[in-house]
1. What residues qualify as long-range amide H neighbours of PHE71, i.e. H under 5 Å apart, gap of 5 or more or another chain, H built at 1.01 Å from N?
2. Peptides 97-106, 62-71, 144-153: what's the order by average Cβ count within 10 Å, highest mean first?
3. When the Karplus curve 6.51 cos²θ - 1.76 cosθ + 1.60 is applied with θ = phi - 60°, which whole-Hz ³J(HN,Hα) does each residue of segment 138-147 get, with x for Gly and Pro?
4. Tell me, what HN-Hα J-couplings in whole Hz come from the Karplus equation 6.51 cos²θ - 1.76 cosθ + 1.60 at θ = phi - 60° for each residue of segment 159-165, using x for Gly and Pro?
5. Quick check on segment 47-172: take the gyration tensor over C-alpha atoms, sort the square-rooted eigenvalues as a ≥ b ≥ c, and tell me if it's rounded (a/c under 1.5), prolate or oblate.
6. Amide H of GLU134: which non-local residues (sequence gap of 5 or more, or other chain) have their own amide H closer than 5 Å, using H built in the peptide plane?
7. Can you give the FRET efficiency to the nearest 0.05 for ARG125 and CYS54, using r as the Cβ-Cβ distance and R₀ = 25 Å?
Amino acid sequence: MSTGTVMALGIMAGVMIAAWFLSRKARKRDCEYDEMQLKIRAKGYQIGFHTALCLILVLILLSELDWFTFFTPGFAAFAALIISVTIFAVYCILHDAFVGLRSNPRQYVILFSIVILAQALGALRYWTAGELLENGRLTFGSGASTVMVVCFLAILITLIVKMRQDGKEAEE
């Protein structure tokens, strides 16, 4: 395993541990979802799952045709998973089912900002060193941070836009 892969895995593990601790803290405050939110979240899980299935099917096809020229299979599988999670999150945010009834959406803005910052620092190392491509291909070690930045940025932007829309509606 290359040093970049180990570093990317370490950063992701740290972010996952931080997210776990923050989610435990949120659960202690009785974060709940009403029935409609649970139904919307279930639909979001379904959409995310089907997205993952479709992307993995495409990856199998690319692998069988030996068309993995721009990226490694490990990077492609990781990207498929993160993209499906992003689709779930964006769907739930747009349908008011991402944040629980007693939760503060600003905590998610802070958490996602931290994730983006941490992953951007990892990605910046590859960008500045010119090591984004290894043997002409994007690998897990070199590309995972970039995918995380893009996906979490999409989630963060969606959440901020939704918060502003809800704030304007509340004022009226």
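1. LEU138
2. Put in order of decreasing packing, that is 144-153, 97-106, 62-71.
3. In residue order, the calculated couplings are 7, 10, 4, x, 8, x, 4, 5, 5, 4 Hz.
4. 5, 5, 4, 5, 4, 5, 4
5. The shape class here is oblate.
6. Distant-sequence amide H within range of GLU134: THR139.
7. 0.20
Since every read-out is calculated from the coordinates, none of them should be taken as a lab result. Quantities reported herein were computed from a predicted structural model and do not represent experimental measurements. All Cβ positions, even for glycine, are placed from backbone atoms using ideal geometry, and neighbour counts span all protein chains on display.
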